[in-house]
Structures are given as structure tokens and as C-alpha cells.
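Student: Before I ask anything, here is the structure I am working with.
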Amino acid sequence: MVDDGSLATAHAYLDVRESPAAFSGQDLLTVSQQPREPAFVVQDGSGRRGVATQGRLVSTPAPGALALQAWLPGLYPEWLGDQSFLETHGTRFAYVSGAMANGIATAEMVVQMAKAGFLGFFGAAGLDFERVQRELSTIQQALGTAHSFGCNLIHSPNEPDLEARVAQLYIDQKVRRVSAAAYMQLTLPIVHYAYSGLSQNAQGQILRRNFVFAKISRPEVARRFLAPAPQEMLDALVAQGKLTALEAQLAAHLPVAEDITVESDSGGHTDNQALGALFPCITGVRDEAVHKYGFRRPIRIGAAGGLGTPTAVAAAFSMGAAYVVTGSVNQACVESGLHETGKQMLAQAGLADVIMAPAADMFELGVEVQVLMRGTMFGVRAKKLYELYRDYESLESIPAAERSRLEDQLLRQSVQDAWASTRDYWQARDPSEVERAEREPKHKMALVFRAYLGQASRWAIRGIPERRADYQIWCGPAMGAFNAWTKGTFLQGPEHRTVVQVARNLVEGAAVVSRAQQLRSYGVPVPAAAFDFRARRLD
């Protein structure tokens, strides 16, 4: 051990006679893959730089002493990211498992992540209100108040009442964190949630109870979440009795979200942006907002999309990410709500085995999601549906040949029967949609096509064998990278992929890769293998 932690002298040396320094090959690889150990960068008389983990500091050259160039303290996975994230959200690691919709991010996944010191979000999007209630109760019974967790709140332009009910449920049930997804504009429900419960302590500091994690991929959307909500929205919520006058007054001094998740090329809704280009742009928007509004509380920028390997996670942290969010890789895990068939399909995916396809929730707007292409025809078939919607004004106006293919290959029933089942669904869920469809043939066509798109993800979740060619499995390129990284390791098979083992390996590997880069930046000839952390069982 070093007997003097001070490097105050102009020239310091490290006596390494009892523990020789590593200068090349396997020795450097071994040292670089021990990030928790302190690292002393030393230089010998010939100018070679190496690394020692132990030694005795001396102030003058002596036999067995090497010139000390730098001292790096131990690097722990817990230290990656912004410490305010850990303090604010009560986690051990700045790592989040994302809210994969339709309950794919299950209650069990959230519970396991929370108990291991990570933050998990339940995938409430696409579920009916009663199911969200039940799953939320399961999570709260398992975790109590000892662990942090979150739930998804998705912008629902076609079902604004459901969005409002879910937001109110989260407020009533004291869900302190929501992942806000698919928002292009602010809505009253997300503003209501964000500012509910604001108060002030004796020192005048504003205390926040609810935290919004805003998933964004465009600067203009980031600006909306990084500013106080518009006054007219606050006034409307006060008039409705959903915010008090004091809460609205305090809200004028806080952004809607203090955690901004920069979503790059990911599964599901995505703009396919490169993280290296998008992330610094959004941090710039954050800095502008802090200067403009004078915010005093930390505003954290996290990174998501493409994070399927330790190197990718380390790169995100090196760019300044306060936290990282994973999605696609968790979908193939044991706790995922996806059927085993879908998990096997994901485990075989390569980097390029993804495709963009129309989204069920924003079909008419032409919004797309990224899905798995290997082993399923969903992407191609969904694109065909949008072409038909774009080119024709009603189901009846589709040419006979096209209509026949539609009925035989996708709907597997006549368009009349498809509309009958769709009509029954909306009659129970929102009768106004049926009324509109009977007035507007194009809207009727959209509802029938959206029914196929929506059911396609449920067929994958339930593992319906006869619908395998139509499985919609949200997936980004991170899945292919993850599969390549885990090949030949215990994480290669889906049966061994628990969400906690995946998370632990990614953050542990990120720490190893970060240490390798630190050493290289000080002139140490770190071997390439130091950047290749292999997955292993971690307690």
C-alpha cells in the first residue's frame, strides 16, 4: 500500500520493488480490468509507461523506484453518472430499465431492478386502466417505501381521458416517478402530475414530490420540458381544482422535467438519431434553459438507445450522461412480459435485423416505430397497411385484388368482420370513436388497420403460434450488439438473461472500459483486449 497519499512534491517516485509495475501484455490487461483498485501510472528510465497498484511513495530516485506520472483512485460502477441522480432517486446505480409498453416491462422486472439498486419503470402504455391498477398494487406491495420505482405515462392523443385517469392514479397512489413518452406537446395530465404536491420549506426552497423522466429526441420537445409549464395550463389546472394556487405559483420556478432522457436510435418510437450527435445538442438546450430561467436545482440529461454493450454504456457516461436507460436488451430477459418465442427471436437478432414500421397509436400521422425484422413479416405488412390508408378513402374503395390480399394475409377475415370486431372493441372502450368511424370512412379504415397493429404486439406477448409471421417486437440495434457481445458467455441464452445480471454486467463492464480509457489517456499502452469486458455471473 502507498504510505503517503500526498503528491505535493514537484517530483514523486514510487518504490515498486515489492509489487512490480505492469508494462505490457497480460500484466497490463490484468491491471486495467481491476477498476476498483487504485492505479499508479509510472515511467521507467527508458520512457515506458506502466501501471502499479501498490508501492511506496518516495521523493528521490532510488533503486526500484519509478517516476510517478499520475494517481487514479479506485473506480466503482456506482460512481458512473451524476451523483445527484442517486441522491434524488434513491438508487445505487445511475442505470434505468425502460418502460417497455404493453406490460413487457413487467412488475417483476421493476421489483427485481429496485431490490438490486437500479431504477425500473413499469410498461403501462397500451394497458387498460384496471390492469395498470393491479400491476401497480403488486409493485407497491413488493417494494413498500424502501425502494424507488417508476411507471410509464404515454401521451395518448386518441384517448386523452385514459391519459388523464392514469396520471391521476399515479398522483393518488404516490408514484413518484413517471417516464413520459411520445409527447410532442405538453398536455394537462403531464403538467398536473409534474407539479402536484409542490411545497416550500422554511428556508424558501421549493420541494418537489413527483419527478418526470421525459423521453425526447428533438430539441424543440426538450425545450418544452425544460421550461416551466405555460401559465395558461397552470391556470386551467387551478380552475379545475387539480392544482392549488400555491402549487401553480411554485411551478413557475421549475421545469416540467428535471430528468431528460435523450433517446437515440432505439426500439419502438424513435427518430433514429445518433447519440453522439443528439446528446450534446440536448445538453446545450438544458444549459440555455438554466441560464434563461435561473433554475437552481440540478437538471440531469440521461442517455438511451443503442446501449447494449459495456463500451456503449461507458461512451454514454463519458459524454456526460447523468444516467443510462436500456430497453431492447431487457425485452429478451427472463422477467420480460414477452413470450419465450419472441425472446428466442430477439436472441438471434443481428445488428441490422430491424425495420421501421407504422405505429398503432399514431398511425394516421405516419409516425413509425422500430421493430424486429428477422423471423417476422410484421414490418413489411404494416408498411403496406399505411400505403393503403394513404392511397384510398375507405375500405370499400380498395381494389379487389389488394383487398383480397389484405383479407387473406393480414386480417385473416373479411373487412366486414374485421370492422365488426373493431367496432365492438371501441364501443366498450370509447363509443365516440365508433360514431366518428360511421361518419368518416377513412377513420373507419384507420381503426381496422390500427387493430392489426395493436394486436400484433399482443400476439408476440402471448406467443400465438399461428400469428408468428405477424409478431410486432419492438427492437433497436442494441439487441444485435448485445447478442454479439454475449456470444460464448453465460448470457448467450435467454434462459440465463435476468434483468439484474444484464444490468450488473453492463455497469461493471462500463467501469472496466472507463478505467482502460483513463490509463490510455495517460500514455499507458493499454492492449485492445482491455476494452472487451466479457459477461460473467456477478453478485
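A short reminder: the numbers here are calculations on the coordinates, not readings from a lab. Here the structure is a predicted model, which is why all the values come from computation and not from measurement. All Cβ positions, even for glycine, are placed from backbone atoms using ideal geometry, and neighbour counts span all protein chains on display.
Student: Among TYR293, ALA349, THR498, pick out the residue whose Cα is farthest towards the positive end of the charge dipole of the chain, where Lys and Arg carry +1 and Asp and Glu carry -1 on C-beta, about the Cα centre.
Tutor: So the residue we want is THR498.
Student: Would you mind checking which residues have amide H under 5 Å from ALA70's amide H? H placed 1.01 Å from N; only 5 or more apart, or other chain.
Tutor: VAL41
Student: Once the Cβ-Cβ distance between ASP172 and VAL367 is put in as r, and R0 is 35 Å, what FRET efficiency do you end up with, to the nearest 0.05? Display every interim value, and only then the final one.
Tutor: Numbers: r = 31 Å, r/R0 = 0.88.
Working from the Cβ atoms, E equals 0.70.
Student: State the volume of the convex hull built on the alpha-carbon positions of the chain, expressed per residue in Å³ and rounded to an integer.
Tutor: Convex hull of Cα atoms, per residue: 171 Å³.
Student: Could I ask something else about it? Taking the DSSP beta bridges in the chain as the whole, what percent of them are antiparallel, to the nearest 5? Intermediate results must be reported in sequence, preceding the final value.
Tutor: Details: 26 of 52 bridges.
Percent antiparallel among DSSP bridges in the chain is about 50.
Student: Let me spell out the model: positive unit charges on the Cβ of Lys and Arg, negative unit charges on the Cβ of Asp and Glu, origin at the Cα centre of the chain. What dipole size does that give, in debye rounded to 20? Walk me through the numbers before you get to the answer.
Tutor: Values: 53 positive and 55 negative charges, 152 e Å.
For this selection, approximately 720 debye.
Student: Taking H placed 1.01 Å from N in the peptide plane, check which residues at least 5 places from ALA22 or on another chain put their amide H under 5 Å from its amide H.
Tutor: Sorted by chain and number, the residues that satisfy this are VAL51, ALA52.
Student: What lysines sit close enough to LYS174 to cross-link, taking a C-alpha to C-alpha distance under 23 Å and skipping anything fewer than 8 places away on the same chain?
Tutor: LYS174 reaches LYS115, LYS215, LYS242.
Student: At 0.890 mPa s and 25 °C, plugging the Kirkwood radius over alpha-carbon pairs of region 60-108 into Stokes-Einstein gives what diffusion coefficient in µm²/s?
Tutor: D, rounded to a whole number, is 162 µm²/s.
Student: Based on DSSP H runs of at least 4 residues, each adding -39500 (n - 2.57), what is the mean residue ellipticity at 222 nm of the chain after dividing by all its residues, to the nearest 500 deg cm²/dmol?
Tutor: Numbers: 20 runs with 221 residues, N = 539.
Taking each H run of at least 4 residues, the total per residue is -12500 deg cm²/dmol.
Student: Next question. In Å, the Kirkwood hydrodynamic radius of region 1-75 over pairs of distinct alpha carbons?
Tutor: Numbers: mean 1/r = 0.0817 Å⁻¹.
This gives a value of 12.2 Å.
Student: Would you work out if region 455-539 is rounded, prolate or oblate? Take a ≥ b ≥ c from the square roots of the eigenvalues of the alpha-carbon gyration tensor; rounded if a/c is under 1.5, else prolate when a/b is larger than b/c, oblate otherwise. Please report the intermediate quantities before stating the final value.
Tutor: Values: a/c = 3.42, a/b = 2.65, b/c = 1.29.
Here region 455-539 falls in the prolate category.
Student: Residue-wise, which Karplus ³J(HN,Hα) couplings in Hz belong to region 503-517, taking 6.51 cos²θ - 1.76 cosθ + 1.60, θ = phi - 60°, and x for glycine or proline?
Tutor: Per residue, the Karplus-derived 3J(HN,Hα) values read 4, 4, 5, 5, 6, 4, x, 4, 5, 5, 5, 5, 5, 4, 5 Hz.
Student: Separate question: What number results when the radius of gyration of region 348-470, computed over Cα atoms, is divided by 2.2 N^0.38 Å?
Tutor: On the way: Rg = 14.5 Å, N = 123, 2.2 N^0.38 = 13.7 Å.
Rg over 2.2 N^0.38 Å, computed on Cα atoms: 1.06.
Student: Just the projected area, averaged over all directions, of the convex hull on the alpha carbon atoms of region 155-267: how many nm²? Walk me through the numbers before you get to the answer.
Tutor: Details: hull surface 29.6 nm².
One quarter of the hull surface, i.e. the mean projection, equals 7.4 nm².
Student: Now, a different point. If you take the C-alpha gyration tensor of region 78-338, multiply each eigenvalue by 5 and take the square root, what semi-axes do you get, largest first, in whole Å?
Tutor: Values: eigenvalues 129, 100, 63 Å².
Its equivalent ellipsoid spans semi-axes of 25, 22, 18 Å.
Student: Further, regarding this structure: About the Cα centre of region 1-75, what is the dipole size in debye to 20, counting +1 per Lys and Arg Cβ and -1 per Asp and Glu Cβ, all else neutral?
Tutor: Its charge dipole is roughly 160 debye.
Student: Shape verdict for region 122-210, please, from the Cα gyration tensor: rounded (a/c under 1.5), prolate (a/b greater than b/c) or oblate. Don't skip to the answer; put the middle values down first.
Tutor: Working: a/c = 2.35, a/b = 1.21, b/c = 1.93.
Note, shape of region 122-210 comes out oblate.
Student: If you don't mind, another one. Among VAL507, LEU66, ALA360, whose Cα lies farthest out toward the positive end of the dipole of the chain, if unit charges sit on the beta carbon of Lys, Arg (+1) and Asp, Glu (-1)?
Tutor: Selected residue: LEU66.
Student: Students often check this: by mean Cβ neighbours within 10 Å, which of 235-247, 66-78 ranks highest, and how do the rest follow? Mind showing how you got there, number by number?
Tutor: Values: 235-247: 15.1, 66-78: 17.4.
Most protected by this proxy first, the peptides run 66-78, 235-247.
Student: List, in order, the whole-Hz ³J(HN,Hα) value for each residue of region 334-346 obtained from phi through the Karplus relation with A = 6.51, B = -1.76, C = 1.60 and θ = phi - 60°; use x for Gly and Pro.
Tutor: 4, 7, 4, x, 6, 5, 4, 4, x, 5, 5, 4, 5
Student: Across region 120-134, in residue order, what do the Karplus-derived ³J(HN,Hα) couplings come to in whole Hz, using 6.51 cos²θ - 1.76 cosθ + 1.60 with θ = phi - 60° and x for Gly and Pro?
Tutor: x, 10, 6, x, 7, 4, x, 9, 6, 4, 5, 5, 4, 4, 5
Student: So what is the relative contact order for region 348-470, in percent, with contacts set as C-alpha pairs under 8 Å and at least six apart?
Tutor: Contact order relative to length: 27 percent.
Student: Right, another one. I need to check one value: relative contact order of the chain, counting alpha carbon pairs closer than 8 Å and at least 6 residues apart, in percent.
Tutor: Details: 1045 pairs, mean separation 81.2, N = 539.
Computed over the chain, the figure is 15 percent.
Student: Ranking request for peptides 326-338, 83-95: highest mean number of other beta-carbon atoms within 10 Å first, then the rest in descending order. Mind dumping the intermediate values first?
Tutor: Details: 326-338: 25.8, 83-95: 19.2.
My ranking of the peptides, most packed first, is 326-338, 83-95.
Student: Quick one: which of 464-474, 508-518 comes out on top by average Cβ neighbours within 10 Å, and what's the full order, highest first? Let's see the in-between values first.
Tutor: Numbers: 464-474: 19.5, 508-518: 23.6.
Highest-to-lowest ranking by the protection proxy: 508-518, 464-474.
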